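Taking it in order: structure first as structure tokens, then the write-up.
The values are calculated or read from the model by the stated rules, or taken from the named source; none is laboratory data. Keep in mind that this is a model prediction, so the values were computed, not measured. Virtual Cβ from ideal backbone geometry, glycine too; neighbours counted across all protein chains shown. Side chains are part of the model used for accessible areas, which takes the heavy atoms of the whole protein and leaves out ligands, DNA and RNA. Shrake-Rupley method; radii C 1.70, N 1.55, O 1.52, S 1.80 Å.
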Amino acid sequence: MNVTAGQTLNGSATLSANGILPERIIHAMFAAGEISAEAPPVDGQVQPASLDLRLGPVAYRVRASFLPGPEIKVADRLDQLKLHTVDLKEGAVLETGCVYIVPLQESLALAPDISATANPKSSTGRLDVFTRVITDNGLAFDTVPAGYTGPLYAEISPLTFPILVRSGSRLSQIRFRRGQSLIPDNELEHVHKTHTLTSGGKQRIGGGVQLAIDLEGDGPGSLIGYRAKHHSGLIDVDVVGAQDPLDFWEPIYRRQRAELILDPDAFYILVSQEAVHVPPDYAAEMVPFDPLVGEFRVHYAGFFDPGFGHAGAGGIGSRAVLEVRSHDVPFIVEHGQTIGRLVYEHMAERPETLYGEGIGSNYQGQALKLSKHFKEPS
């Protein structure tokens, strides 16, 4: 049975508005069979505006990344491309430089007016783990068309650190939306004037709210970022606060000029100049800035839930952590340079719980911060 967002869900109030679906509706989609899984959702899996996706019991190492294309199932392509099978039930290491496809525990039977998009979780992106969601008949990564019925798969490629994962590990997240929910720039100007979406920078809007990079820090000699070390140890993605950051990261300190040369194929953790605010009735997503302005990629993990940086949820002053990788040539970035943008969407209704309100949110109130797997620098 399909239940659309405009119908009564388990006796609760009807929802007819377009927008990103909140956690109440996601729970109702489980109850109605629009989302099914091998095991019931666990605590913390349903977020204010998204659902964490769990790895299944097996991974397939494949020769290359792929999209199945029209009328082709992912399982059929796996039969052609898989090199070997990895059992995840007791945990297994995914090596750098390899591509793995993992069937996810969750599958979908969406109503005709419900679509979805996926993204790596914040902690996944900060480990430089390249992760994308694939569907049967898929023409694009991380995109689930309206009305999709079928399984979900994660493509996983650790780029810097080998990772230990197991069945149930959560590397990706998915958002469901009804209709069109993107806020155009002219409306976003009004939202910014009303709610102050960013502060501490130049507050520019164009293709969303533009974000700049902070390379000044607290002055010469202050910490402004981290560069990942190669040939480091193994990271268990399910263990929090276990790793010494200096075993995996080289701290970067500001010298005289507030600039940084990005080395080709190096991975950096940096931070935005602006504090970011996502009001309770909105959700946001980080998208790359125009690639013509620089030879780098920024922010693998893009979802910002309602309440991020919201004063009422303990998040005032929260900045966006930037995961940055240069491409073919060394590239200089300077303090205040635009490096990404946040696009905002309407929520279909205000979530019952906001990001940071006692739900295990790891990055509320953050400044420059590594992923949750690392101990706080002393």
Q.
If I ask for residues that are more than 25 Å from Tyr148 (Cβ to Cβ) and charged (D, E, K, R), which ones from region 55-106 would you list?
A. Arg61, Arg63, Asp87, Lys89, Glu90, Glu95
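On the basis of being in contact with a Phe, Trp or Tyr (Cβ under 6 Å, 6 or more places away or on another chain), farther than 18 Å from Ile235 by Cα and without any contact (Cβ under 8 Å) to a residue 24 or more places away in the chain, does Leu78 make the cut? Please lay out each step first, then the result.
Values: in contact with a Phe, Trp or Tyr (Cβ under 6 Å, 6 or more places away or on another chain): yes; farther than 18 Å from Ile235 by Cα: yes; without any contact (Cβ under 8 Å) to a residue 24 or more places away in the chain: yes.
The answer is yes for Leu78.
Report yes if some residue within region 256-276 is part of a helix (DSSP H, G or I) and either polar (S, T, N, Q) or touching a helix residue (DSSP H, G or I) at 6+ places or on another chain (Cβ under 8 Å) (or both); otherwise report no. Can you show your working first?
Residues of region 256-276 part of a helix (DSSP H, G or I): none.
Checked region 256-276: no residue is part of a helix (DSSP H, G or I) and either polar (S, T, N, Q) or touching a helix residue (DSSP H, G or I) at 6+ places or on another chain (Cβ under 8 Å) (or both).
Would you pick out the residues in region 63-93 that are part of a loop (DSSP other than H, G, I, E, B) and either open to solvent by 90 Å² or more (accessible area, probe 1.4 Å) or on the phi > 0 side of the Ramachandran plot (or both)?
Of all residues in region 63-93, those part of a loop (DSSP other than H, G, I, E, B) come to 63-73, 88-91.
Across region 63-93, the qualifying residues are Arg63, Gly69, Glu71, Lys73, Lys89, Glu90, Gly91.
Conditions tested, residue by residue: (1) surrounded by fewer than 18 Cβ atoms within 10 Å (Cβ to Cβ); (2) touching a Gly at 6+ places or on another chain (Cβ under 8 Å); (3) among the small types (Gly, Ala, Ser).
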site: Thr117; (1), (2), (3): no, no, no
site: Arg126; (1), (2), (3): no, no, no
site: Ile134; (1), (2), (3): no, no, no
site: Gly147; (1), (2), (3): yes, no, yes
site: Leu152; (1), (2), (3): no, no, no
site: Leu164; (1), (2), (3): yes, yes, no
Q.
I'm trying to understand the selection: among the residues of region 319-363, which are at pLDDT below 85, open to solvent by less than 40 Å² (accessible area, probe 1.4 Å) and assigned to a loop (DSSP other than H, G, I, E, B)?
A. Tyr355, Gly356, Ser361, Tyr363
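Looking only at strands (runs of 3 or more DSSP E) that lie completely in region 164-250, which have at least 2 residues being basic (Lys, Arg)?
Details: elements: 170-178, 209-212, 223-228.
Because the criterion is at least 2 residues that are basic (Lys, Arg), the strands (runs of 3 or more DSSP E) in region 164-250 that meet it are 170-178.
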Q: Return only the number of the condition from (1) touching a residue at least 24 places away in the same chain (Cβ under 8 Å); (2) closer than 30 Å to Gln337 by Cβ that His190 does not satisfy.
A: (1)
